[in-house]
């Protein structure tokens, strides 16, 4: 059995793009559990931070593969503004989640330096502000994904993936080659 070849860098975008979307949309669930579950809260906060870090790293790869794929797209006057808007949203999304990941790292690890009373007083309001900012980032992420979906489903933009090799046709039963 022969496997199809791995796509080149400019053909990887459709394979990569779903990782940051899934990881970045799942991460705040871990943060919420971490904020409210006292016994294992820190572990959930760290897990949320790791999901965000992986999702943000995947966003960097997604933007790079998307830029490579965009160079090969058949440009039309209708496609160009949507593609340009998608690229701007992707860059902004990557930047926002880089900042949010850094902010969560501060919120998770800096309280270890604070007195216990200060932690209790500041934790809930700071995480509430973080989650509100995160909601804005999630809306931006969804808008970026929607515009990417428009490129595929409305304008027919496809990744250049080489076709899978065809197996040789077998001879009909009862005949000899």
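Side notes on the structure shown:
- Fraction of the pair-distance distribution of the range 63-109 above 12 Å, Cα-Cα pairs, percent: 69
- Going by neighbour counts of Cβ atoms within 10 Å, the residues 2, 67 line up, fewest first, as 2, 67.
- For the range 9-153, the spread of Cα coordinates along the three principal axes comes to 60, 23, 22 Å, biggest extent given first.
- Label-point separation, residue 37 to residue 139 (7 Å along Cα→Cβ), nm: 2.9
- Taking the Cα atoms of the range 1-74, the ratio Rg/Rh between the radius of gyration and the Kirkwood radius comes to 1.20.
- Label positions at residue 109 and residue 128, each projected 7 Å from the Cα along the C-beta direction, are separated by 2.8 nm.
A short reminder: the numbers here are calculations on the coordinates, not readings from a lab. For clarity, every value in this text was computed on a predicted model and none was experimentally measured. Quick reminder, even Gly has a Cβ in these numbers, built from the backbone with ideal geometry, and neighbours come from all protein chains shown.
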